[in-house]
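Worksheet for the structure shown next.
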Amino acid sequence: MLPLKDIRVIEFTNIASGPFCGMLLADMGADVIKVEKPTGDDMRYWPPITQGYSENFASVNRNKRSIAMDLKSEDDRRLARDLCAGADVIVENNRHGVMDRLGLGYEALRKLNPALIYCSINAFGSDGPYAKRGGFDLVIQAESGIMSVTGEEDPVKCGVSVSDFATGLYGAFAITAALREVARTGKGVHIDASMLGCSMGISALQTSEFFGKGENSPRMGSRHPRNAPYQAFRASDGYFALAAGNDKLYRDVCEILDRRDLLDRPEFATTELRAKNQTALAEIVEGEFATKTAAEWLDVFGAAGVPCGKINSYGEALSHPQVEHAGWVQPITLPNGVETKTFGSPLRFDLKSPKIRTNPPALDAHGDEIRAEVAKANSNKT
């Protein structure tokens with residue numbers, strides 16, 4: 001199922017958030033043309049480098065075509081404008097004002113293409129006091145509040161680039177929603193997807209706590225501010241994750257541990273009280289967990305229907321039985337012919353994930369054919 005197979009996207013992006021947004025659209029069938037500077041997307045040089053090609057780049061640029069352009073050149077700017085005139089969607093993640101200076105901003109392009117959907121992915125927004133500031137994932141995790149709730153004591157960046165990828169997801173979602181409106185009205189739109197806003201958008205539990213209590217969420221490691229026992233616990237040989245997120249599951253844990261006395265403790269009587277007193281509760285249950293291995297506890301709790309999980313490395317997660325069942329790990333071929341693997345689209349339509357149609361492109365791999373397509377489209381106009 002390729003619901004965007006008739007949609008053409010021109011992508012003026014670099015590094016992560018913009019390319020990820022474009023790849024999500026490409027996974028759904030869109031013809032995504034990646035416009036790169038003559039030296040290529042900076043992520044092409046990020047390790048791991050396999051015989052000259054970055055596997056980081058490959059992970060967010062499958063199913064696309066590449067054309068290299070020097071947008072300081074009037075000829076290439078003209079080519080870019082012609083490409084945009086025939087596109088359905090533009091995705092760009094340049095600093096504020098760059099696309100306008102190149103004559104490729106929304107106001108200029110919508111005169112050529114009134115139905116154009118133009119998605120600007122940026123650090124802080126397309127207007128406002130911070131609009132001209134740049135920002136990478138680390139900076140946005142800091143500014144958005146994410147780092148204030150991550151880790152144990154010192155501020156810690158989330159190990160996954162959540163601000164980059166959350167913004168790419170929001171951008172792709174907004175674009176697909178806008179496609180429906182444009183089909184109805186014929187009128188395009190400028191989508192502003194800021195990393196700051198999108199990072200705060202996925203922080204709904206933390207912002208609602210502030211609005212409700214007037215207090216900032218504390219940094220709690222693996223613990224949860226509203227549930228307990230709900231964290232990583234130490235067993236006799238290491239850690240495992242346990243999420244007893246409601247009264248029934250808490251009762252099940254107490255029964256399994258043969259600690260029914262905990263059910264009579266007033267300080268643990270409700271979810272709210274268990275969360276408030278979770279340090280004391282954790283000390284008690286972790287004393288019981290020390291009697292068995294993590295694998296043994298996972299077997300016991302899993303059989304009883306209590307949500308629990310092994311704390312996997314990425315190597316272990318990629319070979320997870322459910323991952324293998326879903327077929328999410330797919331083979332790809334780098335431009336030099338080296339066979340490798342990538343994590344494909346996790347979405348499933350009628351229990352099937354979209355297959356990777358084309359491998360990540362070499363720089364300018366499709367330059368000649370794209371230029372020929374533009375030339376043909378221009379000749380048809382005349």
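For volume of the Cα convex hull per residue in Å³, computed directly from the structure shown, the correct entry in (i) 138; (ii) 248; (iii) 174 is (iii).
The fraction of Cα-Cα pairs per 5 angstrom bin, counted from 0 for the stretch 270-338, comes to 3, 12, 12, 17, 17, 11, 8, 7, 4, 4, 3, 1 percent, rounded to whole percents.
Amide H contacts of Ile332: Thr340, Lys341, Thr342, each under 5 Å away and 5 or more positions distant or on a separate chain (H built 1.01 Å from N in the peptide plane; Pro and chain starts excluded).
Pairs of alpha-carbon atoms within less than 8 angstrom and 6+ residues apart define the contacts here; what relative contact order does the stretch 230-315 have, in percent?
Numbers: 103 pairs, mean separation 36.7, N = 86.
Contact order relative to length: 43 percent.
For the stretch 245-256, the Karplus equation 6.51 cos²θ - 1.76 cosθ + 1.60, evaluated at θ = phi - 60°, returns couplings of x, 8, 4, 4, 5, 4, 4, 4, 4, 4, 5, 5 Hz by residue, with Gly and Pro reported as x.
Fully extending the segment from Asp247 to Leu138, taken as 0.36 nm per residue of separation minus the present Cα-Cα distance, adds 35.5 nm. The distance between label points at Lys276 and Trp46 comes to 4.4 nm (points 7 Å beyond Cα on the Cα→Cβ vector).
Quick check: net charge around Glu288, other residues with Cβ under 9 Å of its Cβ, Lys/Arg +1 and Asp/Glu -1?
On the way: positive: Arg259, Lys292; negative: Asp258, Glu286.
It works out to a net charge of 0.
Fewest neighbouring Cβ atoms within 10 Å first, the residues Cys119, Cys308, Cys158, Cys84 line up as Cys158, Cys308, Cys84, Cys119.
Would you please put 159-171, 258-270, 357-369 in order of how densely packed they are, using the mean number of other Cβ atoms within 10 angstrom per residue and starting with the highest?
Values: 159-171: 22.3, 258-270: 12.8, 357-369: 17.2.
Packing order, densest peptide first, comes out as 159-171, 357-369, 258-270.
Where does each of Phe240, Phe211, Phe173 land when they are ranked from fewest to most other beta-carbon atoms within 10 angstrom?
On the way: Phe240 21, Phe211 7, Phe173 14.
Going from sparsest to densest Cβ surroundings: Phe211, Phe173, Phe240.
Computed from backbone phi, the HN-Hα couplings of the stretch 71-81 come to 6, 7, 8, 4, 4, 6, 5, 5, 4, 4, 4 Hz, rounded to whole numbers (Karplus: 6.51 cos²θ - 1.76 cosθ + 1.60, θ = phi - 60°; Gly and Pro given as x).
Under 5 Å between amide hydrogens, built in the peptide plane, is the criterion, and for Asn359 it picks out Asn63 among residues at least 5 positions away or on other chains. Per-residue ellipticity at 222 nm, computed for the chain from helices alone with -39500 (n - 2.57) per DSSP H run of at least four residues, works out to -11500 deg cm²/dmol. In loop segments of the stretch 162-207 as defined by DSSP, the trypsin sites (Lys or Arg not before Pro) with at most 14 further C-beta atoms inside 10 Å of their C-beta are Lys187. For the residue pairs Lys37/Lys157; Lys37/Lys341; Lys213/Lys248; Lys37/Lys64; Lys5/Lys352; Lys72/Lys111, the C-alpha atoms sit more than 19 angstrom apart in Lys37/Lys157; Lys37/Lys341; Lys213/Lys248; Lys72/Lys111. Compute the distance from the alpha-carbon center of the stretch 190-240 to that of the stretch 1-66, in whole Å. So the separation of the two Cα centres works out to 31 Å. The Cα center of the stretch 301-359 and the Cα center of the stretch 151-175 differ in position by 20 Å. In sequence order, the stretch 312-321 has phi-based couplings of 7, 6, 5, x, 6, 4, 5, 9, 4, x Hz under the Karplus curve 6.51 cos²θ - 1.76 cosθ + 1.60, θ = phi - 60°, and Gly or Pro positions carry x.
Given a cut-off of under 8 Å on Cα pairs at least six residues apart, what relative contact order in percent is computed for the stretch 241-382?
On the way: 107 pairs, mean separation 22.7, N = 142.
Relative contact order here is 16 percent.
Let me check against my output: what whole-number percent is the relative contact order of the stretch 70-194, with C-alpha pairs under 8 Å and at least 6 apart? Don't skip to the answer; put the middle values down first.
On the way: 163 pairs, mean separation 35.5, N = 125.
Over the stretch 70-194, the number comes to 28 percent.
Cut-off is 10 Å between beta-carbons; in what order do Met147, Met1, Met195, Met99 appear when sorted fewest neighbours first? Spell out each step's value before the answer.
On the way: Met147 19, Met1 12, Met195 29, Met99 22.
With the fewest neighbours first, Met147, Met1, Met195, Met99 line up as Met1, Met147, Met99, Met195.
No value in this document is a laboratory result; all are computed from the given coordinates. The structure presented is a predicted model; accordingly, all values stated were derived computationally and were not measured. Glycine gets a Cβ as well: all are built from the backbone with ideal geometry, and neighbour counts include every protein chain shown.
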